Structures are given as C-alpha cells and as structure tokens.
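Novice: The structure's right below; bear with me while I get my questions together.
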Amino acid sequence: MTQPFIEAFFDEPTNTISYLVGDPATRTAAVIDPVLDFDMASGVADTRSAERIVAFARAQDWRIAMVLETHAHADHLSAAPFIKAQTGAWIGIGAHIRDVQKIFRPVFAMDNLKTDGSDFDRLFEDGERFAIGALQVEVLHVPGHTPADVAYRIGDAAFVGDTLFMPDYGTARADFPGGDARTLYRSIRRLLALPDATRLFLCHDYKAPGRDEYRWETMVGEQRRTSVHVHDGVSEDAFVALREQRDAGLSVPKLLLPSIQVNIRAGHFEPAEANGVTYLRIPVKWRDG
Ligand SMILES: [Fe+2]
C-alpha cells in the first residue's frame, strides 16, 4: 500500500492543524481543513496561512487537486475558496452538510443560502471512495460533534477532524446544534475499530495540562489504551455523562458566528452589499428573553 506524504500546518490563533496530503507517485495532493486568517474585532481577513500551504506545495512540486473539509468548522473560517482560486482544486465535504445548512439557515436568516450542498463541488457519502492521484481515500461518516463530520482514511493514516483529540486531552464538544454525545461515542468507537497502528491526524490541539508542546498525531492503539475520555472500557453512558457535563461548562468559540455562516457556504462570504463591502450576521438575543 502506498503511504501518503503528510505535512502539517499549525495555526496557533485557532489551534487548528491543516494538512497537505500527497501521493508521491503522481505529486497530486489534497489540502485538508485550510484556515482563513480572520480578526473578529476589526473584520480584517487575510490568506497568509493558506498562502503558506500553497507556497509549500509549489516549492515541493505538489499539485493541489482538492480541498477536503472534515466538517463545517465553528472555530475558524475556511480558506477553501482561496486554495480553489489559486490551484483549481475542487472542494469536498460530507453530504450531511445539507443538514447543517438546514439547521443554520433560519438561525442567520440567510434566505439566499442553498441547502442542497451545491456550494461545495463534491459531497461524500459514508463509505465513498475517491483518489488523490493513485492514493485511495475512504470516507467515514463520523457524526456527533456535528451531523456532517467525516474522517478521511488514506493509507495507514486517518484524518479524523473533531472527533478525537490527543489522548491526554480527550474528545471534541458535542453541544452544537445537531451535535450529540451518544452519536459521537459511536463514531469514535468506529474509528477506534481501525487497526491499532492506524495513525490519527487531528484537526485541533490545545495542549493538555502539563504538556508544553502542541501535538496532533496519535494512533488508534494509543487512544484505546490511554484516551482520558474514551479508552477501552469507558461505556457509552459514562462517556455521554462526562461529555455533557464538560460541554455545559464550555464557552462559545470566539469565531463561532462568522465561522458557521461562512463555512456552510463552502468558505464564501455573503455577496457584497451595493457599497462593495461584505458583512457578517450576528443574531442578537436578549439574555432574559
Ligand atoms: Fe469543529
């Protein structure tokens, strides 16, 4: 089995890891979960992080053919449209993105949002296969964090998005609309049924207490032995109780509102107003109704 070339790009402001995954035989590559730099306070966006990936690919003679999203992120904006514009890559995401679009369209009153997933170029069903050059990719639908999460299994590696974090940190929250801790547990067990030596590449790291460097690569066997949330022997009910208790104490991600409304459009902002300026929406809710 050909193994993929993997280069990780860490974005510290959002604790996100993007990846370039390449087929060494054909120099064809995918970019997974690219980040758009965005400063919420000033509204200033730029593409420095994504440019770094594109520049790396050009310097090392990788042809970026696709952008793969593991899900509609709630903590950073996607730079998929920039990568597409630079390279001609297509953009793929799990087919259940339609459910996420249907959930959030009324939340933001985005009447012009299409909920058929057609802002993306490809929608993946569970079990679907496609290729990066000569490398086979298998899509696993792993909902729970959101309804649309997918993992991409490529050679001995799996890019698991926000299902698992490092074993000393645990798992992703499951309290966003459409998220569900019980569903997340089942998705995680499915991932942890892969061979023990499967390398797992994560979408985020926040450094667990006592660890002073970021890490984003682990293995199925390591998760099964040592994950603080889901090591072998943790029952579904025990996990759900822990996850729900944790989630109740978590604050809203800083970039939640802009991220969701942009990412469910495949990383596109709403069309500019007549003055040429693009705006974001913030639904206002009064604290006591
Ligand atoms: Fe996420």
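Quick grid of which residues meet (1) buried (at least 18 other Cβ atoms within 10 Å of the Cβ); (2) over 27 Å from Gly249 (Cα atoms):
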| position | (1), (2) |
| --- | --- |
| Ala131 | no, yes |
| Leu164 | yes, no |
| Ala208 | no, no |
| Glu213 | no, no |
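Novice: Another question, if that's okay. Residue check: is Ala148 farther than 20 Å from Thr226 by Cβ and surrounded by 19 or more Cβ atoms within 10 Å (Cβ to Cβ)?
Specialist: Numbers: farther than 20 Å from Thr226 by Cβ: yes; surrounded by 19 or more Cβ atoms within 10 Å (Cβ to Cβ): yes.
The answer is yes for Ala148.
Novice: Restricted to region 158-177, and to residues that are more than 12 Å from the ligand (Cβ to nearest atom) and not in a strand (DSSP E or B), which residue is nearest to His229 (Cα to Cα)?
Specialist: So the residue we want is Gly170.
Novice: Could you look through region 128-155, keep only residues that are closer than 14 Å to Leu191 by Cβ and assigned to a loop (DSSP other than H, G, I, E, B), and pick out the one that is nearest to the ligand (Cβ to nearest atom)?
Specialist: The extreme case among them is His145.
Novice: Would you pick out the residues in region 65-96 that are among the polar types (S, T, N, Q) and either more than 16 Å from the ligand (Cβ to nearest atom) or more than 14 Å from the chain's Cα centre (by Cα) (or both)? Don't jump to the end; show me each part of the working.
Specialist: Here is the first cut: in region 65-96, the ones among the polar types (S, T, N, Q) are 70, 78, 86-87.
Passing the criteria: Gln86, Thr87.
Novice: Further question on the same structure: Six or more apart or on different chains, Cβ atoms under 7 Å: show the pairs whose first residue is in region 191-218 and closer than 15 Å to Thr171 by Cβ and whose second is in a loop (DSSP other than H, G, I, E, B) and among the aromatic types (Phe, Trp, Tyr).
Specialist: Between residues of region 191-218 that are closer than 15 Å to Thr171 by Cβ and residues that are in a loop (DSSP other than H, G, I, E, B) and among the aromatic types (Phe, Trp, Tyr), the close pairs are Leu202/Phe165; Leu202/Trp216; His204/Phe165; Asp205/Phe165; Asp205/Tyr214; Asp205/Trp216; Tyr206/Tyr169; Ala208/Tyr169.
Novice: Only one of Ala157, Ala181 is touching a residue at least 60 places away in the same chain (Cβ under 8 Å) and either of a type in the set (S, T, N, Q) or touching a helix residue (DSSP H, G or I) at 6+ places or on another chain (Cβ under 6 Å) (or both). Can you tell me which? I'd like the intermediate steps shown before the answer.
Specialist: Details: Ala157 fails: either of a type in the set (S, T, N, Q) or touching a helix residue (DSSP H, G or I) at 6+ places or on another chain (Cβ under 6 Å) (or both).
Unique residue meeting the criteria: Ala181.
Novice: Next up: Condition first: in contact (Cβ under 8 Å) with a residue 60 or more places away in the chain, acidic (Asp, Glu) and under 18 Å from Thr16 (Cα atoms). Can you find one or more residues in region 118-130 that meet it?
Specialist: Scanning region 118-130, I find no residue that is in contact (Cβ under 8 Å) with a residue 60 or more places away in the chain, acidic (Asp, Glu) and under 18 Å from Thr16 (Cα atoms), so the answer is no.
Novice: Moving on. Could you list all residues from region 28-64 that are within 16 Å of the ligand (Cβ to nearest atom), among the β-branched types (Val, Ile, Thr) and within 21 Å of Ala95 (Cβ to Cβ)?
Specialist: Ile32 - this is the single residue of region 28-64 that is within 16 Å of the ligand (Cβ to nearest atom), among the β-branched types (Val, Ile, Thr) and within 21 Å of Ala95 (Cβ to Cβ).
Novice: Tell me whether region 117-125 contains one or more residues that are of a type in the set (Ser, Thr, Tyr), touching a Lys or Arg at 6+ places or on another chain (Cβ under 7 Å), surrounded by fewer than 18 Cβ atoms within 10 Å (Cβ to Cβ) and part of a loop (DSSP other than H, G, I, E, B). Break it down into steps so the answer makes sense when it comes.
Specialist: Here is the first cut: in region 117-125, the residues of a type in the set (Ser, Thr, Tyr) are 118.
Right, trim to touching a Lys or Arg at 6+ places or on another chain (Cβ under 7 Å) and you get none.
Scanning region 117-125, I find no residue that is of a type in the set (Ser, Thr, Tyr), touching a Lys or Arg at 6+ places or on another chain (Cβ under 7 Å), surrounded by fewer than 18 Cβ atoms within 10 Å (Cβ to Cβ) and part of a loop (DSSP other than H, G, I, E, B), so the answer is no.
Novice: Shifting gears a bit: With the structure loaded, tell me whether Leu250 is surrounded by 15 or more Cβ atoms within 10 Å (Cβ to Cβ), out of contact with any strand residue (DSSP E or B) (no Cβ under 6 Å at 6 or more places or on another chain) and closer than 14 Å to Ala172 by Cα or whether it fails that test. So that I can check it myself, show each step before the final result.
Specialist: Details: surrounded by 15 or more Cβ atoms within 10 Å (Cβ to Cβ): no; out of contact with any strand residue (DSSP E or B) (no Cβ under 6 Å at 6 or more places or on another chain): yes; closer than 14 Å to Ala172 by Cα: yes.
It is false that Leu250 is surrounded by 15 or more Cβ atoms within 10 Å (Cβ to Cβ), out of contact with any strand residue (DSSP E or B) (no Cβ under 6 Å at 6 or more places or on another chain) and closer than 14 Å to Ala172 by Cα.
Only the coordinates and a few stated rules stand behind these numbers; no lab work does. Since the model is a prediction, treat every value here as computed from it, not as a measurement. Quick reminder, even Gly has a Cβ in these numbers, built from the backbone with ideal geometry, and neighbours come from all protein chains shown.
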